[in-house]
Amino acid sequence: MWRYVLGLVAVLMLATAAFFLVRTPASSRPALPAASRTAAAGDDDSDSTGSLPDEAPSATAKTREEKRFNRYDKDRNDSITREEYLASRRKAYAKLDSNGDGRLSFEEWAAKTTTKFTAADADRSGALTRTEFTTTAPKRKAKKPPCACKPAASAQDDGD
């Protein structure tokens with residue numbers, strides 16, 4: 001009996017939470033501060049450097065697939081040939097084929113891993129300890145800041 005009561009209470013709580021989430025107005029864009037006008041009221045100079053445009057410029061919207069297609073279509077004829085499609089794989093294969101014989105041996109394929117193991121094995125024992133193994137962790141790329149914009153210069157009065 002208690003299971004049914006607890007189940008009913010849980011359903012009511014979920015329905016109440018969903019109701020509040022649906023009713024809460026969510027804005028998809030943060031509000032931008034209003035542009036301050038630094039020009040004098042009687043000044044009709046349209047070249048004023050203190051004024052801001054009404055809208056931010058926008059770039060053309062390309063989908064991920066359009067960008068990916070353009071990376072493969074090297075001759076820009078709106079079609080990808082088999083050679084264009086396989087070009088990136090051929091380059092990757094050529095980097096691995098260190099002796100250039102057109103065949104990829106296991107040693108060539110595992111060269112980077114073998115080099116990494118040898119560099120991590122500091123005591124040259126042929127086995128990695130826990131401390132040595134931690135040096136083989138992949139390097140994480142640092143996240144770029146979302147905007148590298150310079151701060152806006154404050155409006156200064158030059159006519160004092």
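Counting only protein heavy atoms and a probe of 1.4 Å, the accessible surface of segment 62-132 is 54% carbon and sulfur.
Taking a Cβ cut-off of under 14 Å around residue 128, the surrounding Lys, Arg, Asp and Glu residues balance to a net charge of 0, with basic ones at +1 and acidic ones at -1.
Partners of residue 74 within straight-line reach, counting lysines whose Cα lies under 24 Å from its Cα and excluding those fewer than 8 residues away in the same chain: 62, 91, 95.
Hey, with R₀ at 22 Å, roughly what FRET efficiency would residue 95 and residue 147 work out to, going by the Cβ-Cβ distance, to 0.05? Don't skip to the answer; put the middle values down first.
Numbers: r = 35 Å, r/R0 = 1.60.
The value I calculate is 0.05.
Placing pseudo-labels 7 Å out from each Cα toward the beta carbon at residue 117 and residue 12 gives an inter-label distance of 6.4 nm. A 1.4 Å probe, protein heavy atoms only, puts the accessible area of residue 78 near 130 Å².
The values are calculated or read from the model by the stated rules, or taken from the named source; none is laboratory data. A quick note: this is a predicted structure, and the numbers were derived from the prediction, not measured. A quick note on method: Cβ atoms are made from the backbone with ideal geometry, for glycine too, and the neighbour counts reach across all protein chains shown. Only protein heavy atoms, including side chains, enter the accessible area calculation; ligands, DNA and RNA are left aside. Shrake-Rupley method; radii C 1.70, N 1.55, O 1.52, S 1.80 Å.
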